[in-house]
1. Take residue 81 and tell me if it is assigned to a helix (DSSP H, G or I), modelled with pLDDT of 80 or more, more than 32 Å from the chain's Cα centre (by Cα) and on the phi < 0 side of the Ramachandran plot.
2. I'm checking my understanding of the structure. Among residues of the stretch 84-97 that are surrounded by 11 or more Cβ atoms within 10 Å (Cβ to Cβ) and in a helix (DSSP H, G or I), which one is nearest to the chain's Cα centre (by Cα)?
């Protein structure tokens, strides 16, 4: 009577320790096919750098070049738009754009 628990434990250990065979490949158990290539390697993590903090005693760098003047055609177009927005007629708009663009 005392051999039954020992026999049951031995059978259970033999069943658990025996290697199991898959009817399908492990890849297809996850949802893929055995013919699919393996997934690509993960991307490297982004490079994180601290921003450059300006020094308190560093000289201020400024651009001292004067702003370029727009071309004549750009000035005429802007003046024609301003005249139309002001409600000027075609003749008044032409006179206004000539005087405005030449300033």
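1. In short, yes.
2. For the stretch 84-97, the residue satisfying everything is 84.
To keep it simple, each residue is scored yes or no on (1) loosely packed, with under 10 Cβ neighbours inside 10 Å; (2) modelled with pLDDT under 90.
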site	(1), (2)
14	yes, yes
18	yes, yes
31	yes, yes
48	yes, no
55	yes, yes
60	yes, yes
66	yes, yes
77	no, no
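The values are calculated or read from the model by the stated rules, or taken from the named source; none is laboratory data. Not measured: the values here are computed from a predicted model. Don't worry about glycine lacking a Cβ; one is built from the backbone with ideal geometry, like all the others, and counts go over all protein chains shown.
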